[in-house]
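Each remark here refers to the structure printed beneath this line.
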Amino acid sequence: MDKVNEQGEVIILLGTRSDESTNRANSIKKHEIKGSRLRKHVLPRAYVYPPIKDVITEEVWQYLLAAPSPWGANNRDLVTLYGNASSGDCPLITDISTPSCGQSRFGCWVCNVVSKDKSMEGLIENGEEWMQPLLEIRDFLYETINRKSPTYSPEKYRMNVRRNGTPGLGPYRPKWRKYILEQILLAQKEIQQQEKNTKLITNQELIAIQVTWYRDNIFEYDVPTIYKECMGEEFAFKDSIDKNVMYEKELLLECCENDEGDFRLINDLLSLRKSKVLLMNNWGLQNDLENKLEEHLYPTKKYVY
């Protein structure tokens, strides 16, 4: 969005292909601009150019096996990777009539769009046991977020108030936020026994989680304690997060003469500002502050953020 504001409009180069799946083909067609090679993007004044939109999977493999990698990698290693992810052989492509292993899909490991991550399951079956904790976390997220899951139970996992104060499914309940963070850190610790520098979650992301918890008035759990319990070492926030935050809250409540409404408003406004400082991004701060003030002044009004 910053680039859009800076340049006026942008064109995003994207390697999506109609041959990937029926859903992808429908999505590409849906966003086409008649008479143009560009497609509409969800961001205003942004467009997508898909140069390999009409390339089929077999042609992708033919090219990868014929052309050298610009960054010096061995493209034949991809054959093994996709073969393992397909739970079977991945034959070398010699002509377009040869079946390929292109049905495997790779994306973010926490993706819960699909009910089963068959690629990850295939890799685990073929010896990549270290990915098992990642699969379990992904499956938990799918089962607790996706309405299509047979075990979907929003009342158990989700708060019944949105962040803007209106009724409806909100974020995960505090104990489940803690549980998810614990599972990620434990998985990271297990993986680091083989790959020391591998990180599933960065320090900046851990700080962002703590900021979000403070913003949501969650004080019964804190990231440094959870990190130490899972990783066996201290996580130093340094000056990024004020260690005296609990004292600040008590002082603020006293200044508000124990008025819960005023305390929550001022606390939310301060938390909004602090979160922007810690994440080094002030974009949208004024709008967030105005929304929060209107929510406080007109609590019965519905807002869409």
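The values are calculated or read from the model by the stated rules, or taken from the named source; none is laboratory data. The shown structure was predicted, so the numbers you read here are calculated from the model rather than taken from an experiment. Cβ placement follows ideal geometry from the backbone for every residue including glycine, while neighbour counts extend to all protein chains displayed.
If you go through the range 129-141 one residue at a time, how many are among the aromatic types (F, W, Y) and at pLDDT 90 or above?
Summing the residues that are among the aromatic types (F, W, Y) and at pLDDT 90 or above in the range 129-141 gives 1.
Report, by residue number, each residue of the range 150-164 that is among the hydrophobic types (A, V, I, L, M, F, W, C) and part of a strand (DSSP E or B). Within the range 150-164, just V161 meets the criteria. In the range 27-45, the residues that are without any contact (Cβ under 8 Å) to a residue 60 or more places away in the chain and farther than 14 Å from L13 by Cα reach residues that are assigned to a loop (DSSP other than H, G, I, E, B) and polar (S, T, N, Q) with C-beta atoms within less than 9 angstrom, at least six apart or across chains, in these pairs: S27/T16.
May I ask you to verify whether R45 is in contact with a Phe, Trp or Tyr (Cβ under 7 Å, 6 or more places away or on another chain) and under 25 Å from D2 (Cβ atoms)? Let's see the steps before the verdict.
Details: in contact with a Phe, Trp or Tyr (Cβ under 7 Å, 6 or more places away or on another chain): no; under 25 Å from D2 (Cβ atoms): yes.
So R45 fails the test.
For the condition among the aromatic types (F, W, Y), farther than 30 Å from G261 by Cα and without any contact (Cβ under 8 Å) to a residue 12 or more places away in the chain, Y152 qualifies.
Return the residues of the range 32-89 that are among the aromatic types (F, W, Y) and closer than 26 Å to D117 by Cβ; say none if nothing qualifies. Lay out the reasoning, then the answer.
Within the range 32-89, the first condition is being among the aromatic types (F, W, Y), and the residues that meet it are 47, 49, 61, 63, 71, 82.
W61, Y82, listed by residue number.
Against the criterion of being modelled with pLDDT under 80 and either charged (D, E, K, R) or under 27 Å from the mean Cα position of the chain (by Cα) (or both), V113 qualifies. Could you grab me the full set of residues in the range 165-210 that are surrounded by 14 or more Cβ atoms within 10 Å (Cβ to Cβ), in a loop (DSSP other than H, G, I, E, B) and more than 21 Å from the chain's Cα centre (by Cα)? Listed by number, the residues that qualify are G165, T166.
Within the range 257-284, residues that are farther than 18 Å from V211 by Cβ reach partners that are at pLDDT 75 or above and surrounded by fewer than 16 Cβ atoms within 10 Å (Cβ to Cβ) with beta carbons closer than 7 Å, at six or more positions or on different chains, in the pairs F263/L252.
For the range 230-247, the count of residues that are β-branched (V, I, T), closer than 24 Å to R264 by Cβ, surrounded by 11 or more Cβ atoms within 10 Å (Cβ to Cβ) and at pLDDT 80 or above is zero.
Among the residues of the range 1-60, those that are of a type in the set (S, T, N, Q) and part of a loop (DSSP other than H, G, I, E, B) comprise T16, S21, S36.
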